[in-house]
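Chemist: Dropping a structure here in structure tokens format, bear with me for questions.
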Amino acid sequence: MTRIDTISSLAPFVDPAALGIVAGGTVAAVILRTPARDLARAIGALRVLVRHNFRADPLIEQVGAFGRIAARHGVLSLDRSVIADPDVAAAVAAIVDGGDAAAVTRVLNEARLARTERHLAAADMWAGAADIAPAMGMVGTLIGLAEMFRSMTDPSAIGGAMAVALLSTLYGALIANLVALPIAGRLRRAARVEAFERLRIEAPLRALAVREAPRRRLGAAA
């Protein structure tokens, strides 16, 4: 089958009016029910779909390097380090300020929980779109049926109205099950993987805090 034949075979399943009702209605409903900040995050989270899952190994290696730097030059030297990851940066700042292992755990837990909430809010937006799309499909179906009954005296208009009625349901099911739900599922999985991976950072940072505590006390006593 040639490309032209393929396009011709799909032509009966394309109806701009039905697509406009379902896609436009879904987008409008999502915008109305979602705070602007969560909406922007949900759209920005699409970058996650084309990236590899988060891995903590580079951060763990970086924390090990911080331990060697602190042992050689003192913990205050870490204050000049460039740390891209915000969780590690917050934990190192707590260690430099004299925080113990419990303080490091508290900082990391708060950051991890806040990040997980943001990720789940993005996934919830796409899950909500999956709930809305079939409902918009039913709206399109009702509009098409109403137009079809209104045009019973004009047989030439019945076909277009019936196409809107049938294809609206199809578009709603496709948007929900082939677009929105898969995106929501992958975002939730990425959030779980990142949360688990970030747990691995806690132990080396706690160890760094415990190791530096006696040195800080000795420095203060001197």
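The values are calculated or read from the model by the stated rules, or taken from the named source; none is laboratory data. Because the structure is predicted, anything quoted here is derived from the model rather than measured. Because the Cβ atoms are built from the backbone with ideal geometry, glycine has one as well, and the counts that use them run over all protein chains shown. Surface areas here come from the heavy atoms of the whole protein model, side chains and all, with no ligands, DNA or RNA. Shrake-Rupley method; radii C 1.70, N 1.55, O 1.52, S 1.80 Å.
Chemist: Need a quick list: helices (runs of 4 or more DSSP H) entirely within the range 25-129 having at least 2 residues that are under 14 Å from the mean Cα position of the chain (by Cα) and either at pLDDT 90 or above or surrounded by fewer than 13 Cβ atoms within 10 Å (Cβ to Cβ) (or both).
Modeler: Hits in the range 25-129: 36-44.
Chemist: Only residues in the range 47-65 that are under 20 Å from ALA207 (Cβ atoms) count as the first member; pair them with residues that are of a type in the set (Val, Ile, Thr), Cβ under 8 angstrom, at least 6 apart or cross-chain, and list the lot.
Modeler: ALA56/ILE201; LEU59/VAL88; LEU59/ILE201; ILE60/ILE201; GLN62/ILE83; GLN62/VAL88; VAL63/VAL88; VAL63/ILE201
Chemist: So which residues in the range 136-151 are more than 28 Å from ASP124 (Cβ to Cβ), in contact with a helix residue (DSSP H, G or I) (Cβ under 7 Å, 6 or more places away or on another chain) and free of Cβ contacts under 8 Å to residues at least 40 places away in the same chain?
Modeler: Those that are more than 28 Å from ASP124 (Cβ to Cβ), in contact with a helix residue (DSSP H, G or I) (Cβ under 7 Å, 6 or more places away or on another chain) and free of Cβ contacts under 8 Å to residues at least 40 places away in the same chain: LEU145, GLU147, MET148, SER151.
Chemist: May I pose another question? Go through the residues of the range 186-193 one by one and say whether even a single one is part of a helix (DSSP H, G or I), modelled with pLDDT under 95, open to solvent by less than 50 Å² (accessible area, probe 1.4 Å) and over 30 Å from ALA45 (Cα atoms).
Modeler: No, every residue in the range 186-193 fails to be part of a helix (DSSP H, G or I), modelled with pLDDT under 95, open to solvent by less than 50 Å² (accessible area, probe 1.4 Å) and over 30 Å from ALA45 (Cα atoms).
Chemist: In the range 1-24, which residues are within 25 Å of MET138 (Cα to Cα), hydrophobic (A, V, I, L, M, F, W, C), at pLDDT below 90 and open to solvent by 70 Å² or more (accessible area, probe 1.4 Å)?
Modeler: The answer is LEU10, PHE13, VAL14.
Chemist: Only one of ALA209, ALA176, ALA163 is open to solvent by less than 40 Å² (accessible area, probe 1.4 Å), in contact (Cβ under 8 Å) with a residue 24 or more places away in the chain and within 21 Å of the chain's Cα centre (by Cα). Can you tell me which?
Modeler: ALA176
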